[in-house]
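Engineer: One structure follows; several queries about it will come next.
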Amino acid sequence: MIVIKELLKSSNWISGLQWLFFIFTNIVVIPITVGAAFDLSPETIVNMLQLSFIVTGLACIIQAFFGHKRAIMEGQSGLWWGVILTLCTTAAAQGMPLHILGGSLTVGIIIVSIITFLIGVTGLGPQIAKLFTPAVMGVFMFLFGCQLIGIFLKGMLGIPFGNQAVNPHIDLSVSLLAIVIAILIIVISVKAPSSVRRYGLLIGIIVGWIVYALIFKPESTISGTTKFTLELFPLGKPAWDVGIIITTILAGLLNTANTFGALKGTESMYEVETTKREYRASFTITGVFTLIAGIFGLVPNSPFVSSIGFLSQTGIIKRIPFVLGGFMFLIMGLIPPLGHFFSQLPLSIGSAALFVSYLLLLNSSLNFFKQVEFNTVNVYRSAIPLFVGVVIMTLPATYFVTIPGVIRPLLSSGLLVGIILALLLENLFKWDTYGVEVKTEQKETVDSLPDRAISKSE
């Protein structure tokens, strides 16, 4: 009876619409960009988009009822997305066929799904969580932001993903419109009343889409009567490039940081501490949906850390509105005309909206670093992975052709290298001890100074 009463409340449906908008803006660009990067047919991209809606809606509902039981979006992981697009760029530079890359990704993702499922079933989540200290999470959030912002900026500039074009270049007219839309969203996010601010991304996408259609008059590349069909392994049949598979497995293991970040970040809101049962259930469900992603060519799932910002801004922490939002998103995927319509979203406009959204990852990174007391000795724990990761991101993919193929995909990813370095440095050295030693040395130095020197320095 209580559930029925909650479903009859108009406020819950309105809040559910807000969740629907949030889920939509985070998901709609992902299958479109991945499909474009792999040079898939428009029909296949539409099918992947619809299936993404269905899978994401189901994942949100199941997590809310049987997983961590919180209003945390479960969707296609930004870390996975960034790694996949980076691998597409690297493969294009190194002449690797896309079907080999896609097939190897498929194998790696399926292996990751089994590992994630086992982490959930065996209850290893809390033990793994201890490795992801605030210093590691700070590095993760910063490099994660750099990787995604790079992807979105590329989309805003009209540069094709993957190896679609032989001579990719900046499309000036498309870039100018995307930049204007990004500025519009930022102005709304900063200046508008809170009741309007929460819809900034949606307003930007709608305005940008309409203006884009009026200026460029794009033609639909597929028939509106296209039916939804399930296609196995659309990215490529299972292949065995060892380097890609190893990189994929490591990406999957590092993707667990999203689960820890989302659950830890919402503990204060729900005034609870995440239990072993909640970790177990959350990982188990994520493992199942990761398997689905591997089979049907989708970007694997994880809890969205960005849900924390949404919850903080709107104050909607109840599960019912979240479930309603997930249900409406699921329905969108089950209606083929809707999938066809949303597949026409210009990549430059969607990239502009998410460019602004993920700028907030810098705030998340700084919040984690605030929990770490840095000094001239222990600053290496974060400085090394941050700078090395960022520099690798700026290097052309062709620079890595001399590295053995087995480790080339891993070492060419600044995000993965940075996170691995952060984990190693943080867990192999006792940095807090070094901090105490530095403080002691500084105090002894000051105490040994003559009174005149101290007063003069003051």
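Engineer: Would you please give the FRET efficiency between Ser268 and Leu360, computed as 1/(1 + (r/R0)^6) with r the Cβ-Cβ distance and R0 = 22 Å, to the nearest 0.05?
Structural biologist: Calculated value: 0.80.
Engineer: For Val406 and Lys130 in one chain, what is 0.36 nm times their gap in residues minus the Cα-Cα distance, to one decimal in nm?
Structural biologist: Residue separation times 0.36 nm, minus the Cα-Cα distance, leaves 96.4 nm.
Engineer: Let me ask you something else. Taking amide H positions as placed in the peptide plane 1.01 Å from N, state which residues far from Ile403 in sequence (5 or more) or on other chains have amide H under 5 Å from it.
Structural biologist: When sequence neighbours closer than 5 places are left aside, there are no close amide H contacts.
Engineer: Can you list the HN-Hα couplings for the stretch 28-42, worked out from phi with the Karplus curve (6.51, -1.76, 1.60; θ = phi - 60°), rounded to whole Hz and with x for Gly and Pro?
Structural biologist: 4, 6, 4, x, 5, 5, 5, x, 5, 5, 8, 6, 7, 5, x
Engineer: When the expected Rg is taken as 2.2 N^0.38 Å, what fraction or multiple of it is the alpha-carbon Rg of the stretch 1-147?
Structural biologist: 1.26
Engineer: If you don't mind, there's one more thing I want to ask. At a Förster distance of 30 Å, what's the computed FRET efficiency of Phe65 paired with Arg197, Cβ-Cβ distance as r, to 0.05?
Structural biologist: 0.50
Engineer: Apply 1/(1 + (r/R0)^6) to the Cβ-Cβ distance of Leu428 and Ile186, taking R0 = 35 Å, and write down the FRET efficiency to the nearest 0.05.
Structural biologist: According to the calculation, E is roughly 0.30.
Engineer: Still on this model: Check Gly75: other-chain or 5+ apart residues with amide H under 5 Å from its amide H, H built from backbone geometry?
Structural biologist: Ser302, Phe304
Engineer: Hey, another quick one. In square nanometres and to one decimal, what's the mean projected area of the convex hull around the Cα atoms of the chain?
Structural biologist: In nm², the orientation-averaged hull projection of the chain is 26.0.
Engineer: Rounded to the nearest percent, how much of the accessible area of the stretch 46-124 (1.4 Å probe, protein heavy atoms only) is carbon and sulfur?
Structural biologist: Result for the stretch 46-124: 80 percent of the exposed heavy-atom area is carbon or sulfur.
Engineer: From a point 7 Å beyond the Cα of Ile179 in the direction of its Cβ, which residues of the stretch 348-392 have a backbone N at a distance under 20 Å?
Structural biologist: 348-359
The values are calculated or read from the model by the stated rules, or taken from the named source; none is laboratory data. Please read these numbers as outputs of a predicted model, since none were measured by experiment. A quick note on method: Cβ atoms are made from the backbone with ideal geometry, for glycine too, and the neighbour counts reach across all protein chains shown. These area figures cover heavy atoms from the full protein model, side chains too; ligands, DNA and RNA do not enter into them. Shrake-Rupley method; radii C 1.70, N 1.55, O 1.52, S 1.80 Å.
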